[in-house]
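The values are calculated or read from the model by the stated rules, or taken from the named source; none is laboratory data. It should be emphasised that the depicted structure is a prediction, and the values quoted were computed from it without experimental measurement. Positions of Cβ are generated from backbone atoms using ideal geometry, with glycine treated the same way; all protein chains shown enter the neighbour counts. Quick note on the areas: whole protein, heavy atoms, side chains included, nothing else; ligands and nucleic acids left out. Shrake-Rupley method; radii C 1.70, N 1.55, O 1.52, S 1.80 Å.
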Amino acid sequence: MTRHTASTITDDALDALYARLDAYDSRATQHCETPAHGAERRADERPACCICPRTLWADEQHRYACRLCEQRITAHLAQLPDLVRDLHGLLLPGVHTAAPACRTRASSEPAAPIRLDVLDVITSVTATLDSWLRDWHEHLSWDAPAYRNDPLAEAAAALRANLPWAVEEHAAVNEFAAEINDLHRTATGMLDPAKRARRIGRCPVPVLDEIGRRGTCGAVLRYVPGATTVTCPWCRATWDALDLSAALAAEADGALY
């Protein structure tokens, strides 16, 4: 097995909307079946990504997760350290954005306690990344991680560097993706509630399942306020945001009759 070093890697620039529309359903990813490898898979079964239901391409069938999901995980890992640094600006009660608080006059009152909800997210990000990195080291028979200066940034960099191994060899990569996605969504929502992605429905693109039955893509679609388009995180179909909202509303009204 090839070992990947935990050195810092250079990430491809990903569009902010692309990252925010990472809308795979975490509840589904936690319960999705782990894809079998080789002889364990039925001959007539088409292997699918364990994070999203997209059928794997021919050159992806040795993997647990597709390349699109790998790119989204990489983007979230790259952004988490900066998001956590920004969250420190929200620790004081009454501060609702990452901008420095403006004080108009001195106060003799004792300092207010910190916001425990923000502190919980900050500590959860660091603890989660460290826990997964230790898990990966155990799978690779490596020594436990040793951090030099910044455990959060170093753990995120090491996980990004070894993600190509995880999507091919780690059976729980779907659980890892779900936890990283939840942390990223929570942090971005705290920092900018006005731009928090809102669930608007499920992708209506028609698809065929592994035995040829007609259905729809079904991925959760979320809209970022101010965006002009909505992109499905699974099939990558893109719509005008207003047209899609109207179509989904009409579909919902029709289902009532």
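Taking the criterion of being in a loop (DSSP other than H, G, I, E, B) and more than 19 Å from ASP82 (Cβ to Cβ), the residues of the range 121-147 that qualify are LEU140, SER141, TRP142, ASP143, ALA144, PRO145, ALA146.
Of the residues that sit in the range 40-52 and are at pLDDT 70 or above and assigned to a loop (DSSP other than H, G, I, E, B), which one is farthest from GLU175 (Cα to Cα)?
PRO47
Once the range 54-67 is narrowed to residues that are within 15 Å of TRP234 (Cα to Cα) and surrounded by fewer than 19 Cβ atoms within 10 Å (Cβ to Cβ), the residue that is farthest from the chain's Cα centre (by Cα) is TRP57. I'd like to know if the range 111-128 contains one or more residues that are modelled with pLDDT under 80 and open to solvent by 60 Å² or more (accessible area, probe 1.4 Å). Yes.
Set side by side, the residues ALA153, ALA187, ALA178, ALA171 differ, and just one is in a helix (DSSP H, G or I), over 23 Å from LEU91 (Cβ atoms) and touching a residue at least 12 places away in the same chain (Cβ under 8 Å), which is ALA178. In the condition set (1) under 30 Å from VAL205 (Cβ atoms); (2) at pLDDT 60 or above; (3) buried (at least 20 other Cβ atoms within 10 Å of the Cβ), LEU21 is compliant with all but (2). A count restricted to the range 190-226 and to residues that are farther than 22 Å from ARG54 by Cβ and at pLDDT 85 or above stands at 2. In the set (1) part of a helix (DSSP H, G or I); (2) open to solvent by less than 40 Å² (accessible area, probe 1.4 Å), the condition left unmet by PRO164 is number (2).
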